[in-house]
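Trainee: If you scroll down you'll find the structure; I have some questions about it.
The values are calculated or read from the model by the stated rules, or taken from the named source; none is laboratory data. What you see is a predicted model, and the numbers here were worked out from it, not measured in a lab. All Cβ positions, glycine included, derive from the backbone under ideal geometry; neighbour counts span all protein chains shown.
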């Protein structure tokens, strides 16, 4: 099976698809899962999502294992034989490896079906945009899955190969992108007083946004990061009429994110009105915070130790976002970070590649969790 799963991983790597349009990847994996004869095969859930359910006659809990389907809009710089054939698109987050792990788990489950309850293999679209997990849970077909427990992993370079990093409580931060557009009016550059430039308002926002986190009365990480600012045209004779500011908001909990959003909106409103400007606020790439249930985190640690993996209990959550939080909010759940080698390129780097040796390791941990619950 090892060679089969590596071949699958490299085939997926060579044919990446962006968030929300993972049609070929989903269809290929649905066909493979169908051959394993699950008791139910659901396609089109949450968009391109695929779910295979294996049932026992005896009642028991339903356990869900999730992988992501999507790739990133990054041009690959690797030159190996299975490099991406789709220009500007590549698997730089390792979802190709996650899919291979979850399909390998499905093969094991097909050979050793649950003695009680049910197990679900879920292939989720659009993780990178934060839209996929929410769409899965909102889909009426999700009621056919109705998990009691859910589990996921994410590989993480910079840590020893196969190390399992886990914690109870907050695991990933909530995150969202805020796009603020300011609208004034142009003027001749020789007579700027006849127009209304957003320059001073933009300058004020650039200074004040980094201070917002200090106003949030929460004992946790709360932060804002300015990622883009733009104003007017490249024309020396014209004062600007518009400006755009893009800021990333990030917090450990959804409650703190609500407070952060409220403060950010208030800042923009007050600044725009003070400068006589109209404004518009848009939101994108919205990720809920991901929380690990105590029981599920313990199950991950137990399974990791049973399969000879080193376990590290984290003191703090990761700053990066992951939309698994929308699924783990619907059932008891947990995810863990999986060491992908101390010297491997980081995820989202153009030369990153998922290490094949993690496939068997990840499969073994998930299968151990499955056995503990359903065998």
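Trainee: Mind checking which residues of region 29-42 are surrounded by 17 or more Cβ atoms within 10 Å (Cβ to Cβ) and under 26 Å from the mean Cα position of the chain (by Cα)?
Mentor: Within region 29-42, 29, 30, 33, 42 meet the criteria.
Trainee: Looking at 70, 55, can you tell me which residue is under 23 Å from residue 322 (Cα atoms), touching a strand residue (DSSP E or B) at 6+ places or on another chain (Cβ under 9 Å) and crowded, with 16+ Cβ neighbours inside 10 Å?
Mentor: 70
Trainee: Here's another thing I want to ask about it. Have a look at 305, 273, 312 and point out the one that is out of contact with any helix residue (DSSP H, G or I) (no Cβ under 7 Å at 6 or more places or on another chain), touching a residue at least 40 places away in the same chain (Cβ under 8 Å), outside any loop (DSSP other than H, G, I, E, B) and farther than 27 Å from residue 131 by Cβ. Before the answer, list the steps.
Mentor: Numbers: 305 fails: touching a residue at least 40 places away in the same chain (Cβ under 8 Å); 273 fails: touching a residue at least 40 places away in the same chain (Cβ under 8 Å).
Selected residue: 312, the only one of 305, 273, 312 that is out of contact with any helix residue (DSSP H, G or I) (no Cβ under 7 Å at 6 or more places or on another chain), touching a residue at least 40 places away in the same chain (Cβ under 8 Å), outside any loop (DSSP other than H, G, I, E, B) and farther than 27 Å from residue 131 by Cβ.
Trainee: Is there a residue in region 204-225 that is out of contact with any strand residue (DSSP E or B) (no Cβ under 8 Å at 6 or more places or on another chain) and part of a loop (DSSP other than H, G, I, E, B)?
Mentor: Yes, region 204-225 contains at least one residue that is out of contact with any strand residue (DSSP E or B) (no Cβ under 8 Å at 6 or more places or on another chain) and part of a loop (DSSP other than H, G, I, E, B).
Trainee: Looking at (1) closer than 18 Å to residue 105 by Cβ; (2) not assigned by TED's automatic domain parsing to the domain that holds residue 118, which is the only condition residue 282 fails?
Mentor: In the conditions (1) closer than 18 Å to residue 105 by Cβ; (2) not assigned by TED's automatic domain parsing to the domain that holds residue 118, residue 282 misses (1) alone.
Trainee: Output the qualifying pairs, or none if there are none: Cβ atoms under 6 angstrom, residues six or more apart or on different chains, first residue in region 179-199 and in contact (Cβ under 8 Å) with a residue 40 or more places away in the chain, second residue in a helix (DSSP H, G or I).
Mentor: 180/268; 182/201; 187/194
Trainee: Would you confirm whether or not region 299-312 contains a residue that is touching a strand residue (DSSP E or B) at 6+ places or on another chain (Cβ under 9 Å) and within 19 Å of residue 123 (Cβ to Cβ)?
Mentor: No, region 299-312 contains no residue that is touching a strand residue (DSSP E or B) at 6+ places or on another chain (Cβ under 9 Å) and within 19 Å of residue 123 (Cβ to Cβ).
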